[in-house]
1. Longest span of the chain, sites excluded, free of chymotrypsin sites (Phe, Trp or Tyr not before Pro) in DSSP loop with at most 16 other C-beta atoms within 10 Å?
2. Using the Karplus equation 6.51 cos²θ - 1.76 cosθ + 1.60 (θ = phi - 60°), what ³J(HN,Hα) coupling, rounded to whole Hz, does each residue of segment 33-48 give in order, writing x for Gly and Pro?
3. Only Lys, Arg, Asp and Glu count, each charged at its Cβ (+1, +1, -1, -1), so figure out the dipole size of the chain about its Cα centre, rounded to 20 debye.
4. If you take all C-alpha pairs in the chain, what percent of them are over 17 Å apart?
5. Counting only residues 5 or more places away or on other chains, whose amide H sits under 5 Å from the amide H of Ala66 once H atoms are built in the peptide plane?
Amino acid sequence: MFAVNEYFGGKVKSITFAQNGQKVTAGVMAAGEYTFKTGDKELMKVTAGSMDVRLPGETAFTTYQAGQEYKVPANAAFDLKIAADVSYLCYFG
């Protein structure tokens with residue numbers, strides 16, 4: 001079944017599901033700045049809008065637009081700057 005997740009006072013929401021045995025979340029983020037921590041490695045795919053992302057070990061932010069993706073290692077933290085509402089898919093593991 002689906003699980004609904006809410007973070008940062010409701011500014012980030014996602015629905016968790018499984019695809020071919022892999023955990024996936026489909027989510028949305030409101031404008032703002034966020035720091036996320038990972039347990040598993042993650043593949044993030046931007047589906048609408050754009051994200052400014054500072055990955056672990058990097059000093060600068062990189063902009064990812066709809067249709068682009070980036071990878072985050074397990075047990076790490078990464079920073080996001082969201083200028084306008086954005087949607088994404090996140091594949092875990």
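1. 3-60
2. With the stated coefficients, segment 33-48 comes to 10, 9, 10, 10, 10, 9, x, 9, 5, 10, 10, 9, 10, 7, 9, 7 Hz.
3. 140
4. Pairs farther apart than 17 Å: 47 percent.
5. Here the answer is Gly49, since their amide H atoms fall under 5 Å of that of Ala66.
Read-outs throughout are calculated quantities, based only on the coordinates presented, and are distinct from any laboratory measurement. The model shown is predicted, which means the values in this text are computed figures rather than measured ones. No Cβ is skipped: glycine too gets one built from the backbone with ideal geometry, and neighbour counts run over all protein chains shown.
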